[in-house]
Amino acid sequence: MKGWGPTSHRYVSQGLRLHYVDWGNDGAPPLLLVHGGNDHCRSWDWVAQRLCESFHVMAVDLRGHGDSDHAPGSHYPTHGFILDLAQLVAQRGLAPVDILAHSWGGAISLLYAGLYPESVRRLMVIEGWGPSPEVLKKHGDMPLHERLRNWVEGCRAVAHKRPPRYATLDDCVARMKAANTRLTDEQAHHLALHAACQNEDGTWSWKYDPYVRVISPTWVPPEELGAIWSRITCPVQLLRGTESWAGDPVADGKIGFFQDARVEAFEQAGHWVHHDRLDDTVALARAFFAQ
């Protein structure tokens with residue numbers, strides 16, 4: 001990639017050493033970038049590189065992802081991620097902070113903004129408001145014993161399954177392109193390079209902890225999500241790709257929980273809108289956070 005790169009830093013939350021990258025420009029307004037599940041902070045590089053001249057951009061690796069520590073006990077509850085975000089904002093003195101987040105990172109950021117509305121100035125979320133109301137209701141109605149049993153069985157399944165190993169980095173690149181066919185060769189190579197690490201035998205494995213894929217039994221009930229979102233006082237920009245599996249928050253009625261929110265839909269974009277429509281995403285973010 002062209003231009004200058006970020007510097008790596010660490011902070012501590014619940015004894016975990018968590019990683020984030022800082023793109024400099026300390027005197028500018030802080031902008032925190034939060035990636036989605038099974039992803040990493042360097043997936044924001046193209047966005048950060050374009051925004052770091054106007055903002056003090058920092059991108060975090062969630063626990064169990066990228067170069068952050070894996071959680072002991074293989075448990076990744078939602079509230080742990082919220083705590084990590086709160087710790088970074090508090091330790092770096094970022095509040096009130098602007099946040100741009102994707103997918104699972106968006107869900108975490110929305111919850112954080114609802115719990116600490118005074119700490120978030122503006123919030124832009126790319127496909128991070130969760131599944132449809134029907135899916136949420138199905139899981140929300142699941143009794144606790146069933147949720148706990150599913151989590152136990154999910155953890156046992158991960159323990160008995162060897163994480164995939166790839167013979168070469170090019171194989172990792174191919175897997176990236178299979179997940180998102182819109183990626184260019186350059187994008188896929190960059191994402192794979194930061195998502196994987198080489199094993200002692202020369203093979204490659206993903207950095208993220210496979211246990212993050214097991215659904216925690218302590219999720220936030222669907223009926224509580226709207227109540228927390230309604231506490232968000234800052235302007236919220238929701239961004240979706242029309243070709244994604246994620247639902248439309250207007251059609252779903254989720255937009256009604258927010259005090260001040262708008263939705264932008266991009267054509268020819270899937271779940272990773274910031275990769276599929278980079279220039280448009282950056283233009284929207286620049287205009288939104290400049291207000």
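The values are calculated or read from the model by the stated rules, or taken from the named source; none is laboratory data. In this text, all values refer to a predicted model and were calculated from it rather than measured experimentally. Backbone-built Cβ (ideal geometry, glycine too); neighbour counts: all protein chains shown.
Tell me, yes or no, whether the stretch 188-198 has at least one residue that is more than 18 Å from the chain's Cα centre (by Cα), of a type outside the set (D, E, K, R) and in a loop (DSSP other than H, G, I, E, B). Taking every residue of the stretch 188-198 in turn, none turns out to be more than 18 Å from the chain's Cα centre (by Cα), of a type outside the set (D, E, K, R) and in a loop (DSSP other than H, G, I, E, B).
Could you please find all residues in the stretch 44-71 being within 26 Å of Ala287 (Cα to Cα) and aliphatic (A, V, I, L, M)? Answer for the stretch 44-71, where residues must be within 26 Å of Ala287 (Cα to Cα) and aliphatic (A, V, I, L, M): Val47, Ala48, Leu51, Val57, Met58, Ala59, Val60.
Restrict the check to the stretch 8-28 and report whether at least one residue is under 25 Å from Gln291 (Cβ atoms), β-branched (Val, Ile, Thr) and touching a residue at least 24 places away in the same chain (Cβ under 8 Å). Within the stretch 8-28, none of the residues are under 25 Å from Gln291 (Cβ atoms), β-branched (Val, Ile, Thr) and touching a residue at least 24 places away in the same chain (Cβ under 8 Å). If you go through the stretch 80-131 and pick out every residue that is surrounded by fewer than 24 Cβ atoms within 10 Å (Cβ to Cβ) and modelled with pLDDT under 95, you end up with 2.
Counting the residues of the stretch 33-68 that are at pLDDT below 95 and of a type in the set (Phe, Trp, Tyr) gives 0.
Only helices (runs of 4 or more DSSP H) whose full extent lies in the stretch 41-122 are considered here, and the ones with at least 2 residues that are under 22 Å from Ala28 (Cα atoms) and out of contact with any Cys (no Cβ under 9 Å at 6 or more places or on another chain) are 45-51, 78-92. For the stretch 21-32, the condition of being crowded, with 24+ Cβ neighbours inside 10 Å, out of contact with any Cys (no Cβ under 6 Å at 6 or more places or on another chain), modelled with pLDDT of 95 or more and of a type in the set (Phe, Trp, Tyr) holds for none of the residues. Taking the stretch 201-291 as the region of interest, the helices (runs of 4 or more DSSP H) fully inside it that hold 1 or more residues being surrounded by fewer than 20 Cβ atoms within 10 Å (Cβ to Cβ) and more than 19 Å from the chain's Cα centre (by Cα) are 222-229, 249-252, 278-289.
Of the residues contained in the stretch 126-146, one or more are found to be over 28 Å from Gly247 (Cα atoms), assigned to a helix (DSSP H, G or I) and over 22 Å from the mean Cα position of the chain (by Cα). Residues in the stretch 76-123 that are closer than 25 Å to Gly154 by Cβ and among the charged types (D, E, K, R): Asp84 alone. Within the stretch 129-141, identify whether any single residue is farther than 30 Å from Gly202 by Cα and touching a Cys at 6+ places or on another chain (Cβ under 7 Å), and answer yes or no. The answer is no; no qualifying residue exists. Taking the criterion of being of a type outside the set (A, V, I, L, M), in contact with a helix residue (DSSP H, G or I) (Cβ under 6 Å, 6 or more places away or on another chain) and within 17 Å of Ser13 (Cα to Cα), the residues of the stretch 67-124 that qualify are Ser74, Tyr76, Phe81, Tyr112.
Test Ser74 against the stated conditions and say whether it is surrounded by fewer than 20 Cβ atoms within 10 Å (Cβ to Cβ), in contact (Cβ under 8 Å) with a residue 60 or more places away in the chain and on the phi > 0 side of the Ramachandran plot. Here the answer is yes, as Ser74 does meet what is asked.
Of all the residues in the stretch 270-291, those that are of a type in the set (A, V, I, L, M) and free of Cβ contacts under 8 Å to residues at least 60 places away in the same chain number 2.
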